[in-house]
Amino acid sequence: MSKTFENFVGGQWVAPTTGEYFDNRNPANHSDLIGRFPSSGIADVQRAVESARRGFELWKRTPAPARGDVLRRVGDLMAARKEEIADLMTREMGKPLAETRGDVQEGIDTAYYAATEGRRLFGHTVPSELANKWAMTMRRPIGVCGLITPFNFPMAIPTWKMFPALLCGNSVVLKPAEDVPHTATVLVEILLAAGLPPEVIQLVHGFGEVVGKALVDHPQVPVISFTGSTETGRLVGETCGRMHKRLSLEMGGKNAQIVLDDADLDLALDGVLWGAFGTTGQRCTATSRLLLQSGIHDAFVQRLADRTMQLRLGDGRVAGTDVGPLVNEAAREKVERYIEIGRAQGATLVCGGARATGGALNNGFFFQPTIFSGVTAGSRLDQEEIFGPVLSVIKVENVDEAFAVNNGVRYGLSSSVYTSNVNVAFRAMQDLDNGITYVNAPTIGAEAHLPFGGVKETGNGHREGGWEVYEFYSETKVGYVDYSGALQRAQIDNY
Ligand code: UN1
């Protein structure tokens with residue numbers, strides 16, 4: 001008998017109004033059923049929002065340091081259960097345990113950062129242009145925040161959104177990706193165990209077209225934060241624009257690692273293997289393009305192919321696994337379509353290119369780590385996000401060409417340059433059109449206390465992580481106090 005899970009709405013664990021559930025299976029082994037989770041409807045979202053509005057009235061009056069204390073306990077509980085949570089995350093979405101441990105750690109870091117922010121949430125005091133008048137700013141919470149999160153960082157990304165939202169005094173409705181409902185359930189259990197008042201958090205499981213859409217459409221949800229595809233983000237943005245909602249979007253990437261002739265090639269090799277095939281390439285920050293300068297191109301591709309073919313595919317819960325499965329069959333079919341596109345556009349398949357089969361691999365959504373060389377700038381392999389273990393190698397002649405190819409895509413999340421030339425390193429940070437540039441490090445590896453996000457069609461100008469996200473989840477209020485006892489007219493009486 002598989003376990004049936006529920007939504008958390010109105011301060012209790014409740015069945016969905018639809019009475020419908022979906023199966024959540026291990027992507028490394030289809031026969032492993034984790035549980036059945038609610039396929040919720042619009043009415044579930046409505047109830048969640050009504051409850052979250054009550055939660056907001058209570059929580060916004062709780063002093064920010066006390067809100068921070070709850071988040072500190074959340075961090076403590078996550079730390080105590082780190083190993084167990086990492087294991088259930090790997091079972092649910094496939095990436096190896098070392099990576100899910102890192103994912104939980106990112107949530108812990110975010111919790112402790114939020115806890116300390118409860119004793120800051122700084123406003124400004126500013127001199128008034130008039131005598132005996134005080135001027136200052138402060139931060140106010142906004143209301144119910146609708147959070148729509150992806151499968152690839154099932155703990156870190158919900159915490160990036162939720163903890164700052166809560167610390168600022170908002171209440172939250174979380175709609176996690178349907179591939180990772182178990183991790184979201186555990187996160188909500190931890191928040192409740194840490195003492196968060198129940199109606200401050202709501203968890204509604206289900207599918208984006210129904211539950212995500214209902215949240216975005218709901219007039220009493222003034223804040224939406226979405227991480228997912230650029231296509232879905234556009235739909236979300238259209239609705240939020242019409243409804244004047246505050247919206248943070250984190251969307252696609254087509255990140256490049258640049259390796260110049262003067263680079264430390266061993267380091268660059270380790271970097272691209274981790275950047276391209278970590279999380280089976282299913283990161284917004286994954287390295288999906290490798291721009292190699294012509295002097296090192298041929299030898300580097302050869303060494304990279306040799307190392308790639310040694311990567312061990314398998315169940316992420318088995319020691320020694322380097323690369324886990326894709327998250328589901330649709331993800332694998334999308335990768336397969338891109339293999340055909342690469343071939344049709346004349347790229348050279350260096351290694352991989354097919355489903356990984358044999359033994360236990362037959363039970364999951366495995367795909368061989370794949371490299372195409374001879375990819376041309378402007379081709380579909382250069383331009384389009386694949387979200388799988390496919391790396392496109394592009395040969396470049398010099399730094400200017402490398403930077404131009406890096407910038408010649410519609411996305412702009414992260415980039416990486418391997419060089420021993422300090423002038424080129426600083427030029428890269430200045431000239432690459434990305435939200436994050438790494439020097440002598442891969443395109444992945446963002447830390448929780450720095451702003452995370454991208455330019456162009458990757459985002460809409462907001463950042464998660466670090467200090468900036470607290471501005472997104474709060475409203476600036478200005479207070480003026482005139483203690484002169486007389487009418488003082490700004491801009492008039494003093495000029
Ligand atoms: C993502 O790529 O989807 O930078 C998020 C990293 C992680 C977060 C990535 N800390 O690799």
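The values are calculated or read from the model by the stated rules, or taken from the named source; none is laboratory data. All figures in this text were calculated on a predicted structure; none of them were measured in a lab. Backbone-built Cβ (ideal geometry, glycine too); neighbour counts: all protein chains shown. What goes into the accessible areas is simple: the full protein's heavy atoms, side chains included, and nothing from ligands, DNA or RNA. Shrake-Rupley method; radii C 1.70, N 1.55, O 1.52, S 1.80 Å.
Under the definition of Cα pairs under 8 Å and six or more residues apart, what whole-number percent is the relative contact order of the stretch 255-439?
28 percent
Which residues in the stretch 110-136 place their backbone N less than 13 Å from a point set 7 Å from the Cα of R81 along the Cα-to-Cβ direction?
Of the residues in the stretch 110-136, none has backbone N under 13 Å from the label point off R81.
Please give the residues of the stretch 180-220, grouped as numeric ranges, whose backbone N is less than 17 Å from a label point set 7 Å along the Cα-to-Cβ vector of R36.
Correct set: 181-182, 205-207.
Can you tell which of L267, H297, G278 lies farthest toward the positive end of the dipole of the stretch 228-384, using +1 and -1 charges on the Cβ of basic and acidic side chains (Lys, Arg; Asp, Glu)?
The listed residue farthest towards the positive side: G278.
Can you tell me the dipole magnitude for the chain around its Cα centre, using point charges on the Cβ only (Lys, Arg +1; Asp, Glu -1), in Debye to the nearest 20?
For the chain, the charge dipole is close to 1160 debye.
Mark the label point 7 Å from the Cα of A131 along Cα→Cβ and return the residues of the stretch 473-495 whose backbone N is within less than 18 Å of it.
Correct set: 481-495.
Let me have the relative contact order for the stretch 191-336, percent, based on Cα pairs under 8 Å that are six or more residues apart.
For the stretch 191-336, the relative contact order is 15 percent.
Trypsin sites (Lys or Arg not before Pro), restricted to the stretch 1-57: which are DSSP loop and have at most 16 other Cβ atoms within 10 Å?
Those satisfying the criteria are K3.
For the stretch 290-357, what does the accessible surface come to per residue with a 1.4 Å probe? Please give it in Å².
Accessible surface, normalised per residue, equals 47 Å².
Please report the antiparallel percentage of the DSSP beta bridges confined to the chain, to the nearest 5.
40 percent
Determine the shape class of the stretch 38-132: with a ≥ b ≥ c the square roots of the Cα gyration tensor eigenvalues, call it rounded for a/c under 1.5, and otherwise prolate if a/b is greater than b/c, oblate otherwise.
In terms of gyration-tensor shape, oblate.
Farthest toward the dipole's positive end in the chain, which of F37, V375, H124, given Cβ charges of +1 (Lys, Arg) and -1 (Asp, Glu) about the Cα centre?
Towards the positive end, the residue furthest out is H124.
Using a 1.4 angstrom probe on heavy atoms only, work out the carbon and sulfur share of the accessible area of the stretch 255-439 in %.
Answer for the stretch 255-439: carbon and sulfur cover 49 percent of the accessible area.
So if each residue of separation counts as 0.36 nm, and I subtract the Cα-Cα distance between E336 and Q430, what length gain in nm does that give?
Full extension from E336 to Q430 adds 30.2 nm.
In the neighborhood of A448, defined by Cβ-to-Cβ distances under 10 Å, what is the net charge if each Lys or Arg adds +1 and each Asp or Glu adds -1?
-4
Of V200, H244, L215, which is farthest along the charge dipole of the stretch 149-250 in the positive direction, counting Lys and Arg as +1 and Asp and Glu as -1 at C-beta?
H244
Using a 7 Å offset from the Cα along the Cα-to-Cβ direction at both H244 and E475, what is the distance between the two label points in nm, to one decimal?
Each label point is offset 7 Å from its Cα along the Cβ direction, giving 1.0 nm.
In whole Å and largest first, what semi-axes does the C-alpha gyration tensor of the chain yield when each eigenvalue is scaled by 5 and square-rooted?
40, 30, 19
What is the sum of charges around A402, taking Lys and Arg as +1, Asp and Glu as -1, for the other residues whose C-beta is under 15 Å from the C-beta of A402?
Here the charged neighbours net out to -4.
Given a 1.4 Å probe, how much area per residue of the stretch 224-269 is accessible, in Å²?
Each residue of the stretch 224-269 exposes 37 Å² on average to a 1.4 Å probe.
Hand me the trypsin sites (Lys or Arg not before Pro) from the stretch 367-461 located in a DSSP loop with no more than 14 other Cβ atoms within 10 Å, in residue order please.
Hits after loop and neighbour filter: R410.
Restricting to DSSP loop positions (anything but H, G, I, E, B) with no more than 13 other Cβ atoms inside 10 Å of their own Cβ, which GluC sites (Glu not before Pro) remain in the stretch 75-180?
Those that pass, being in a loop and sparsely packed, are E129.
Looking at the stretch 255-439, I'd like the Rg to Rh ratio, where Rg is from alpha-carbon atoms and Rh is Kirkwood's inverse mean 1/r.
0.96
Find how much the distance from R120 to W13 grows on full extension, using 0.36 nm per residue of separation minus their present alpha carbon separation; answer in nm with one decimal.
Stretched fully, the R120-W13 segment lengthens by 35.1 nm.
If I compute solvent accessible area with a 1.4 Å probe over the protein chains, what percent of it on the stretch 9-144 is carbon and sulfur?
In the stretch 9-144, the share of accessible area belonging to carbon and sulfur is 51 percent.
Distance from the Cα centre of the stretch 193-271 to that of the stretch 1-73, in angstrom?
18 Å
Could you give the nm distance between label points at D270 and Q302, where each point is 7 Å from its Cα heading toward the beta carbon?
2.3 nm
I want to check the label-to-label distance for L311 and T4. Put each point 7 Å from Cα in the C-beta direction and report it in nm to one decimal.
Computed distance between label sites L311 and T4 equals 4.0 nm.
Run the numbers on the chain and let me know its relative contact order in percent, using alpha-carbon pairs under 8 Å that are six or more apart.
Reported as a whole number, the value is 18 percent.
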